[in-house]
There are 2 protein chains.
Amino acid sequence: MAQGRHSATTTRGEQLLFLTDEQLRQGIELMFFAYRGFTADPDRMLEERGYGRAHHRAIHFINRRPGLTVNELLDILRVTKQSLNRVLRQLVEDRLVASRVGREDRRQRNLYLTEAGRQLEQELSAAQRRRMRVAFSNAGPEAVHGFRQVLEQMIDPELREQVLRSLEAARP
Amino acid sequence: MAQGRHSATTTRGEQLLFLTDEQLRQGIELMFFAYRGFTADPDRMLEERGYGRAHHRAIHFINRRPGLTVNELLDILRVTKQSLNRVLRQLVEDRLVASRVGREDRRQRNLYLTEAGRQLEQELSAAQRRRMRVAFSNAGPEAVHGFRQVLEQMIDPELREQVLRSLEAARP
DNA sequence: CAGTTTATGTCAGACATGTTGACATTCCAA
DNA sequence: TTGGAATGTCAACATGTCTGACATAAACTG
């Protein structure tokens, strides 16, 4: 599978974009390494409290959409309700999340951050935003625009609309 | 923490970049959703064989740098050697990876993909490259450039040099 | 309106993958 | 040549995912 600058199957359009296998593979690796950096700061802070990324994700989205139901959170996170439930149970026990029976539909549970929950969210988010801010600043506005465009295109097409709507709909 | 379009702490430079907390948070969520899309295809294919992302990562980097040692792979993946060892043991048992005693230093093990390993790597990588290619194509060359710049900046500064070198050094 | 089905959420057990600790082998330097 | 350092392996435990079984509330249906 040794190959030169452009593989035999590369089309003209892809050449203009430098979409050789090699370029694509570099994009793949960059995604891997960048995501590790992206999660590094919160990971450290969470570990001190005995939490993991799953807790962070729950806290993040509950903060973004206070009062959302377990089912709505499941739809965002795409994990099983059993998996989410364990995380939520801990957060509720630790008084970071409040779970209130739904007013209209009493099967539902509306989720809110407590004051302590908001506090932790702030700490986690501040670290992550700091890194994102530095990355954005160093890369410049054009790059930020490109970053967004590529990442949007990387989302599953069936989910893209939902995700982009949810990005806007936060903190309604 | 209710706040308007620009928080009180937003500086002028950040406004020019739209680096409000809200914009940063949207970047954070985009990163989360995009990474899930990024891993979706390989995840499905791996599951059929009873493997996980850990196997994929090992296969990917062994393919990129045939003959690398366990220690070198550890340095890339940043997991414990015990964790990596379990994954490698399975891959060697399943005849996807060959582990040869080092010629100079017999403590080391040099890792290679077998023909079957290369076959699986091709399948996994083809799916991931397809998604990356579509994303890059739809976003356009400028966007791809920006994507790279931002992602590079998101990597831990201490690791950035090493990572960028390793991107280039692959398939030497 | 009684009985059944559907929706939402919880609890229990299994597997994958991360961790730390103990150990065997090999290399190297005093 | 011997003791420490480097490399890799094996074992036990923690976390977070999954599937399955269940409880409760709402919605449907005859």
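At-a-glance table
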| read-out | value |
| --- | --- |
| Residue ID - farthest from the other protein chains (Cβ to nearest Cβ), chosen from residues in region A:41-54 that are within 14 Å of DNA strand C (Cβ to nearest atom) and in contact (Cβ under 8 Å) with a residue 24 or more places away in the chain | A:Leu46 |
| Number of the exception - A:Phe136 against (1) open to solvent by less than 10 Å² (accessible area, probe 1.4 Å); (2) modelled with pLDDT of 95 or more; (3) more than 10 Å from every other protein chain (Cβ to nearest Cβ) | (3) |
| Count of region A:75-85 residues which are within 12 Å of DNA strand D (Cβ to nearest atom), within 14 Å of chain B (Cβ to nearest Cβ) and either charged (D, E, K, R) or under 23 Å from A:Ala116 (Cβ atoms) (or both) | 2 |
| Residues located in region B:105-157, provided they are within 16 Å of DNA strand C (Cβ to nearest atom) and among the basic types (Lys, Arg) | B:Arg106, B:Arg107, B:Arg109 |
| Conditions (1) among the charged types (D, E, K, R); (2) in contact with a Leu (Cβ under 9 Å, 6 or more places away or on another chain); (3) away from chain A (no Cβ under 11 Å): number failed by B:Arg106 | (2) |
| Test: residue in region A:148-157 that is surrounded by 21 or more Cβ atoms within 10 Å (Cβ to Cβ), out of contact with any Ser or Thr (no Cβ under 9 Å at 6 or more places or on another chain) and more than 7 Å from chain B (Cβ to nearest Cβ) | no |
| Region B:60-74, subset touching a residue at least 24 places away in the same chain (Cβ under 8 Å), out of contact with any Lys or Arg (no Cβ under 6 Å at 6 or more places or on another chain) and in a helix (DSSP H, G or I), residue farthest from the other protein chains (Cβ to nearest Cβ) | B:Asn71 |
| Failed criterion for A:Tyr112 (all others in (1) in a helix (DSSP H, G or I); (2) surrounded by 15 or more Cβ atoms within 10 Å (Cβ to Cβ) hold) | (1) |
| Residue satisfying condition, being part of a loop (DSSP other than H, G, I, E, B) and in contact (Cβ under 8 Å) with a residue 12 or more places away in the chain, within set A:Arg95, A:Arg57 | A:Arg95 |
| Failed criterion for B:Arg86 (all others in (1) within 20 Å of B:Leu167 (Cβ to Cβ); (2) free of Cβ contacts under 8 Å to residues at least 12 places away in the same chain; (3) within 16 Å of DNA strand C (Cβ to nearest atom) hold) | (1) |
| Selection status of A:Ile28, within 14 Å of chain B (Cβ to nearest Cβ) and within 13 Å of DNA strand C (Cβ to nearest atom) | no |
| Filter result (within 19 Å of B:Glu22 (Cβ to Cβ), within 15 Å of the chain's Cα centre (by Cα) and hydrophobic (A, V, I, L, M, F, W, C)) within region A:45-73 | A:Ile59, A:Phe61, A:Ile62 |
| Candidate set: region B:98-107, residues that are in contact (Cβ under 8 Å) with a residue 12 or more places away in the chain and either in a loop (DSSP other than H, G, I, E, B) or open to solvent by 50 Å² or more (accessible area, probe 1.4 Å) (or both); chosen: the one farthest from DNA strand D (Cβ to nearest atom) | B:Arg100 |
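The values are calculated or read from the model by the stated rules, or taken from the named source; none is laboratory data. From a predicted model like this one, the values you see are computed outputs, not experimental measurements. Note that we place each Cβ from the backbone using ideal geometry, even for glycine, and neighbour counts take in every protein chain shown. All accessible areas refer to the heavy atoms of the entire protein, side chains included, with ligands and DNA or RNA removed. Shrake-Rupley method; radii C 1.70, N 1.55, O 1.52, S 1.80 Å.
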